[in-house]
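First up is the structure itself, then whatever we jot down about it.
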Amino acid sequence: MQPGGHRFDPVHLHQNFYFMYSLQDKLSRFPFDEMRSRIFGKIIVLPFLLIFPQLAACAQENDDALFAQMRKDMVHEQIIARGIKEEKVIAAFRKVERHKFVPENLQRSAYEDHPLPIGYEQTISQPYIVALMTELARLKPEDRVLEIGTGSGYQAAILAEIAKQVYTIEILKPLAESSQKRLKELGYKNIQVKWGDGYLGWEEFAPFDVIIVTAAPDEVPRALVEQLKTGGRLVIPVGESFQELKLITKTKDGIKEKSIIPVRFVPMIKSK
Ligand code: SAH
């Protein structure tokens, strides 16, 4: 023991140094930076994670409201103002979300007054023409309808809102598949889509109360007239570059044909 001084204890001193050293070493090896960046990362990301679904939902609501307004305007300016009167037809146009039947990049044009491309050189018809053809068909709730040319499935959905059952045939396989998927996702249980040739009709489910053809043949396909019930209506564009929309009625006294207006549809494809 040294008087007035500290006891020199090399063992303790060493232990103290060792403790200090190892603490420092541990601290220096502890991943503070990583932890800090993790914590800060979470603090920064967390609000976004919390807000993002709400922002997305908000954007979706805005879009829905915008499309609803466009649909309302379409019904007034293109459907009612041009003389479509049948309340069931108008109600179907108010309900069916046309923007869900067009490619995503064209959704904002879905309610405009013209046809739109849907791929494979095909088009979804102008809203007014879809409405006119639907009104001409004089659909009743118990009717079974055949459509030729499913395309996007929009006309089929409109028909399915009014009639009991819709059968629709599409000759292009990718369109038949995509419209079938779309109509299923939208919850339509009364529409049956078939990939096939519309010139032949759909014998299995014939006769039909109504047949609507949305591609133009050069002349009225015989099978379609045959598959129409007596009292049934066939609405069909006929012709090559100049086409006429025709309403054909099958009566017990024979076939009655009436020209409605000149139209322009994609040509009906003949299968080889
Ligand atoms: N009704 C559709 C628009 C149809 S465009 C809609 O609401 O979107 C015409 C469609 O008829 C095209 O998809 C075309 O591929 C189809 N089509 C053409 N010839 C056909 C045929 N022989 N049989 C069945 N579908 C045909």
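Scanning the stretch 235-272 for residues that are within 16 Å of the ligand (Cβ to nearest atom) and in contact with a helix residue (DSSP H, G or I) (Cβ under 8 Å, 6 or more places away or on another chain), we see that the one that is farthest from THR214 (Cα to Cα) is SER271.
Scan GLU142, GLU177, GLU204, GLU135 and give me the residue that is within 21 Å of ALA91 (Cβ to Cβ), among the acidic types (Asp, Glu) and not in a loop (DSSP other than H, G, I, E, B). Full working, then the answer.
Working: GLU142 fails: not in a loop (DSSP other than H, G, I, E, B); GLU177 fails: within 21 Å of ALA91 (Cβ to Cβ); GLU204 fails: within 21 Å of ALA91 (Cβ to Cβ).
Only one candidate qualifies: GLU135.
Scanning the stretch 235-261 for residues that are surrounded by fewer than 20 Cβ atoms within 10 Å (Cβ to Cβ) and touching a residue at least 40 places away in the same chain (Cβ under 8 Å) yields a total of 3. Residues of the stretch 105-132 that are assigned to a helix (DSSP H, G or I) and within 15 Å of LEU66 (Cα to Cα): LEU106, GLN107, ARG108, SER109.
Among the residues of the stretch 193-238, the one identified as of a type in the set (Val, Ile, Thr) and over 24 Å from VAL266 (Cα atoms) is THR230.
Here is a yes/no grid of residues against (1) surrounded by fewer than 20 Cβ atoms within 10 Å (Cβ to Cβ); (2) in a strand (DSSP E or B); (3) more than 9 Å from the ligand (Cβ to nearest atom); (4) of a type outside the set (Lys, Arg):
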{"site": "SER152", "(1), (2), (3), (4)": "no, no, no, yes"}
{"site": "VAL166", "(1), (2), (3), (4)": "no, yes, yes, yes"}
{"site": "LYS189", "(1), (2), (3), (4)": "yes, no, yes, no"}
{"site": "GLN192", "(1), (2), (3), (4)": "yes, yes, yes, yes"}
{"site": "ILE212", "(1), (2), (3), (4)": "no, yes, no, yes"}
{"site": "GLU219", "(1), (2), (3), (4)": "yes, no, yes, yes"}
{"site": "LYS229", "(1), (2), (3), (4)": "yes, yes, yes, no"}
{"site": "ARG233", "(1), (2), (3), (4)": "no, yes, yes, no"}
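In the stretch 195-212, the residues that are at negative phi form Cβ pairs under 6 Å with partners that are at pLDDT below 95 and not acidic (Asp, Glu), at six or more places apart or across chains, as follows: ASP197/SER271. What do you reckon, is ALA110 touching a His at 6+ places or on another chain (Cβ under 9 Å) and within 12 Å of the ligand (Cβ to nearest atom)? It is true that ALA110 is touching a His at 6+ places or on another chain (Cβ under 9 Å) and within 12 Å of the ligand (Cβ to nearest atom).
Output the residues belonging to the stretch 235-255 that are outside any strand (DSSP E or B) and over 33 Å from the mean Cα position of the chain (by Cα).
Here is the first cut: in the stretch 235-255, the residues outside any strand (DSSP E or B) are 240-242, 252-253.
Listed by number, the residues that qualify are LYS252, ASP253.
Scanning the stretch 168-184 for residues that are buried (at least 23 other Cβ atoms within 10 Å of the Cβ) and either more than 10 Å from the ligand (Cβ to nearest atom) or among the basic types (Lys, Arg) (or both) turns up just one, LEU183.
Mind counting the residues in the stretch 154-164 that are among the small types (Gly, Ala, Ser), without any contact (Cβ under 8 Å) to a residue 60 or more places away in the chain and not in a loop (DSSP other than H, G, I, E, B)?
Applying the first criterion (among the small types (Gly, Ala, Ser)) to the stretch 154-164 yields 156-157, 160, 163.
Imposing the further condition that a residue be without any contact (Cβ under 8 Å) to a residue 60 or more places away in the chain reduces the set to 156, 160, 163.
With the extra rule that they be not in a loop (DSSP other than H, G, I, E, B), the set shrinks to 156, 160.
Residues meeting the conditions: 2.
Might you check whether a residue that is part of a loop (DSSP other than H, G, I, E, B), modelled with pLDDT of 95 or more and either of a type in the set (Phe, Trp, Tyr) or within 16 Å of the ligand (Cβ to nearest atom) (or both) occurs anywhere in the stretch 75-89? Please lay out each step first, then the result.
Initial filter on the stretch 75-89 (part of a loop (DSSP other than H, G, I, E, B)): 81-86.
Next, from what is left, pick out any that are modelled with pLDDT of 95 or more: 81-86.
Next cut, either of a type in the set (Phe, Trp, Tyr) or within 16 Å of the ligand (Cβ to nearest atom) (or both) only: none.
Within the stretch 75-89 (the criterion being part of a loop (DSSP other than H, G, I, E, B), modelled with pLDDT of 95 or more and either of a type in the set (Phe, Trp, Tyr) or within 16 Å of the ligand (Cβ to nearest atom) (or both)), the answer is no, since none of the residues qualifies.
Is there a residue being more than 27 Å from ILE260 (Cβ to Cβ), touching a Gly at 6+ places or on another chain (Cβ under 9 Å) and of a type outside the set (A, V, I, L, M) anywhere in the stretch 100-108? Yes: the stretch 100-108 contains one or more residues that are more than 27 Å from ILE260 (Cβ to Cβ), touching a Gly at 6+ places or on another chain (Cβ under 9 Å) and of a type outside the set (A, V, I, L, M).
The values are calculated or read from the model by the stated rules, or taken from the named source; none is laboratory data. The structure presented is a predicted model; accordingly, all values stated were derived computationally and were not measured. All Cβ positions, glycine included, derive from the backbone under ideal geometry; neighbour counts span all protein chains shown.
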